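Since every read-out is calculated from the coordinates, none of them should be taken as a lab result. This one's a predicted model, so the numbers in the text were calculated from it and none came from an experiment. As a convention, Cβ positions derive from the backbone with ideal geometry for all residues, glycine included, and neighbour counts pool all protein chains shown.
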Amino acid sequence: MQDGYHIRALTPAEIRTAVEWAAQEGWNPGHQDAACFGAVDAEGFWGGFLDGEMIACISVVNYCAAFSFLGFYIVAPQHRGQGYGFALWQKALEHSGTRTVGLDGVVDQQENYRRSGFEPAYRNIRFGGVPARELAACAGFDLLPLAEPAAGLEALDARVFPVQRALFWAEWLSAEGHHAYAAYRDGVMEGFGTLRPCRTGCKIGPLVAASREAAETVLARLLQELPEGQEVFLDVPEPHAEAVRVAQSLGLEPVFETARMYRGEAPQLELPLIYGVTSFELG
């Protein structure tokens, strides 16, 4: 590793560069991801700079005193295999302190993550394609737009995410181009989801529901916001067989996979409620 290599937190403009790199890697980030992600932890995005030029990036976003999530681990192709990425990895992880750290690891990096103390919990499968059929909302639900965090959202989210994330939700629900809806039965929120435009098509995430009926009701409404002929992507925990069947019922095909991994005690999440992961970058 050459002299002249420095590591520091990224500026907002540099975070946007990291998102551009993610797009070049084929990860298909959303148009507003940089703004939403950066609002959670302003000191959570790091870069490695060689002679003043950014050649590597990573995020280790602290949600609270107990939990962090790692993403955006990218080294410019011409600088790989020279130690720059690992030096950045070690420095950025110091930001997490003693917190449990989660990540969604691509296949070719999972063994490296194991060597750094991360253990796999389950696989996520990205399904994608142009929906082959329309869904209909199920009877008995009321559908309402979700423009800001609500008590029902926080209660459901607490069952699928290890910590409260109000800052994230405030940005996510109000971001330009994001469409969010919630399904209620007898006044109780039983499902919610967001569709957001990405570099290619749109992603639906999160999609969280207490039943398949609630999930399909929200999903049906979100798909009405999908421009005709565009692809949609849904990231599904593989152990949740019902969620896999929902994606397959739309004619979507597996296009990508990750392993959810944790360093530290793995949180207990209610996977049967997760029909779509929020994001592979922030959990």
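Extending 7 Å from Cα along the Cβ direction at Q78 and again at V107 yields two label points whose distance is 3.0 nm.
Farthest toward the positive end of the dipole of the chain, out of G128, F86, A220, is the Cα of F86, where the dipole comes from beta carbon charges about the Cα centre.
Pairs of Cα atoms under 8 Å, at least six residues apart: use those to get the relative contact order of the chain, whole percent.
Details: 612 pairs, mean separation 66.3, N = 283.
It rounds to 23 percent for the chain.
Can you compute the FRET efficiency between E53 and S116 using 1/(1 + (r/R0)^6), with r the Cβ-Cβ distance and R0 = 25 Å? Round to the nearest 0.05. Mind dumping the intermediate values first?
Working: r = 26 Å, r/R0 = 1.04.
Using R0 = 25 Å, I get an efficiency of 0.45.
Among bridges DSSP assigns within the chain, what percent are antiparallel (round to 5)?
About 90 percent, rounded to the nearest 5.
Please give me, ordered by residue number, the trypsin sites (Lys or Arg not before Pro) of segment 42-122 that lie in loop per DSSP and have at most 15 other Cβ atoms within 10 Å.
R80
Quick one: Cα convex hull volume of the chain, Å³ per residue?
On the way: hull volume 32.5 nm³, N = 283.
In the chain, the Cα hull volume divided by residue count equals 115 Å³.
Annotation: the residues I74, I204, sorted from fewest to most other C-beta atoms within 10 Å of their own C-beta, follow the order I74, I204. The dipole here belongs to the chain: it is taken about the Cα centre, uses +1 on the Cβ of Lys and Arg and -1 on the Cβ of Asp and Glu, and is about 400 debye.
Using Cα pairs under 8 angstrom and six or more residues apart, how large is the relative contact order of segment 5-120, in percent?
Numbers: 163 pairs, mean separation 25.7, N = 116.
Dividing the mean separation by the residue count of segment 5-120 yields 22 percent.
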